[in-house]
Amino acid sequence: FARDALLPVYGLSEAALAVTASEPGRPARTLRRNGRDYVSVGTPVPGFTVAIRNGHTASLGDGLEGRIFVRGPSLMHGYFGDPRATASVLHDGWLDTGDIGFTDGGELFVSGRGVNIGDLPIEISEFFGSMIAMDDPRHFRIRSIVSRGFTPKEITKVEEYVKTKAAACVDRLDR
């Protein structure tokens, strides 16, 4: 077995698998940030583009963490029979993967996973999904509140809404 036969890649079924790939024969590149090591999953495969965004439109620069969006020739047209789910992830030809990451020198580093929280407004879903994706939710919660302009009063409203929705979900499961 050749050690260089395996290499880090990034792919998902919505993109017919490969989105980025590392260079064959090259050792995996790692970066250390905030006391944690991240492994590069390479550069986009031919025809694909990767963008790191804060929301659906604002692209972030190298080294800044945000949601991973991709577009390319093998990207899905939608989820079969589910236009609502399709509309939640496809935006002007770009797929919001739900993953969190950053780029460095054109290479993608995946740093976390956003979580889709069913039937919440997109702002709340992104807010709590981003918190769940971080190692230290308390730290990221503060960043999220500031970056999205939430005030403490709005946070209390959001928390009450989420508690109510969560209780309703548990009640449905208990039936």
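The values are calculated or read from the model by the stated rules, or taken from the named source; none is laboratory data. Remember, predicted model here, so these are calculated numbers, not experimental data. Cβ atoms come from the backbone with ideal geometry, glycine included; neighbour counts cover every protein chain shown. The protein model used for the area step is the full one, side chains on, heavy atoms only, and it has no ligands, DNA or RNA in it. Shrake-Rupley method; radii C 1.70, N 1.55, O 1.52, S 1.80 Å.
Please go through the range 18-33 and pick out each residue that is touching an Asp or Glu at 6+ places or on another chain (Cβ under 7 Å) and surrounded by 13 or more Cβ atoms within 10 Å (Cβ to Cβ).
29, 31
Go through the range 20-60 and give me each residue that's at pLDDT 90 or above and under 14 Å from the mean Cα position of the chain (by Cα).
50, 51, 52, 53, 60
Scan (1) open to solvent by less than 60 Å² (accessible area, probe 1.4 Å); (2) at pLDDT below 95; (3) of a type in the set (A, V, I, L, M); (4) farther than 30 Å from residue 165 by Cα for the single condition residue 117 breaks and write down its number.
(4)
Looking only at residues in the range 8-17 that are crowded, with 17+ Cβ neighbours inside 10 Å and over 14 Å from the mean Cα position of the chain (by Cα), which one is nearest to residue 105 (Cα to Cα)?
The selected residue is 8.
Output the residue which, of all residues in the range 76-108 that are outside any strand (DSSP E or B) and under 21 Å from residue 22 (Cβ atoms), is least open to solvent (accessible area, probe 1.4 Å).
Going through the qualifying residues, I end up with 106.
Any idea which residue in the range 34-43 is most open to solvent (accessible area, probe 1.4 Å), counting only those that are assigned to a strand (DSSP E or B) and in contact (Cβ under 8 Å) with a residue 40 or more places away in the chain?
So the residue we want is 36.
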